[in-house]
Structure formats: C-alpha cells, structure tokens
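J.: Below is a structure I'd like to ask you about.
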Amino acid sequence: MGIFRLLTILLIAWLCYALYKRYLKNKSPKRPMKKGKNLENIVKCEHCAMHIPEHEAIVDKGRYYCSEEHKRISNKS
Ligand SMILES: [Zn+2]
C-alpha cells in the first residue's frame, strides 16, 4: 500500500511537471525574425544624440528618444 501510494504520487507529480514544461514551451514560441539583425535601423535620440536600435527607441511625433525620460525633457522645452 505504502509503495503503491508513493508511486502514484510520483506519477502525478511527474505528469504535472511534464504538462507544465509543455505549457511553458507553448507559451513562448520562438519569434520568427522579420528581418536580419544587420538590417536594423539605428536612430538617434533627439535629446542626448545617443544611437539606439529603432525597436528600442521611443517614438514621439516622428522623433526618436532613448528613454521616456528624454522624451519628457525634450517635450518640456
Ligand atoms: Zn537620450
């Protein structure tokens, strides 16, 4: 009885673990790259002139900023 119960618990635990792993795998599928890394557009922060990849930049009225902070400062003045 003792061993059988232990095995059942282990089996259920393993099943949960397997399902959880599967869930995680489905949750974050590999993103297909739209374009190569080399084609990444580099833009300049309007405030500090730092160069950043376009996808990391904050765009506001056609202008690029490296951070929310710089967007705010630039909009103030
Ligand atoms: Zn900046």
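J.: Take ILE3, ILE58, ILE12 and order them by how many other Cβ atoms sit within 10 Å, fewest up front.
T.: Numbers: ILE3 7, ILE58 17, ILE12 10.
Least to most surrounded, the residues fall as ILE3, ILE12, ILE58.
J.: Let me ask something additional. For the chain, rounded, prolate or oblate, judged on the Cα gyration tensor with a ≥ b ≥ c (square roots of eigenvalues), a/c < 1.5 rounded, else prolate if a/b > b/c?
T.: Working: a/c = 6.36, a/b = 3.14, b/c = 2.02.
Taking the square roots of the gyration eigenvalues as a ≥ b ≥ c, the chain is prolate.
J.: When CYS45, CYS16 are ordered from fewest to most other Cβ atoms inside 10 Å of their Cβ, what list results?
T.: Numbers: CYS45 19, CYS16 10.
Ordered by Cβ neighbours within 10 Å, fewest first: CYS16, CYS45.
J.: Still on this structure: If each residue's Cβ is checked for other Cβ atoms within 10 Å, how do ILE52, ILE9 rank with the fewest at the top?
T.: Numbers: ILE52 16, ILE9 10.
Lowest to highest Cβ neighbour count: ILE9, ILE52.
J.: Helix 2-27 versus the longest principal axis of the chain: what is the Cα-based angle in degrees, 0 to 90, to the nearest 10?
T.: The two axes meet at around 20 degrees.
J.: Also, I was wondering about something else. Can you count the Lys pairs in the chain with C-alpha separation below 17 Å, eight or more apart or on different chains?
T.: Values: LYS21/LYS30; LYS44/LYS61; LYS44/LYS71; LYS61/LYS71; LYS61/LYS76.
Lysine pairs meeting both conditions in the chain amount to 5.
We did not get these values from a lab; they are worked out from the coordinates using the rules stated. Predicted model, so just to flag it, every value in this text is computed and none were measured. All Cβ positions, glycine included, derive from the backbone under ideal geometry; neighbour counts span all protein chains shown.
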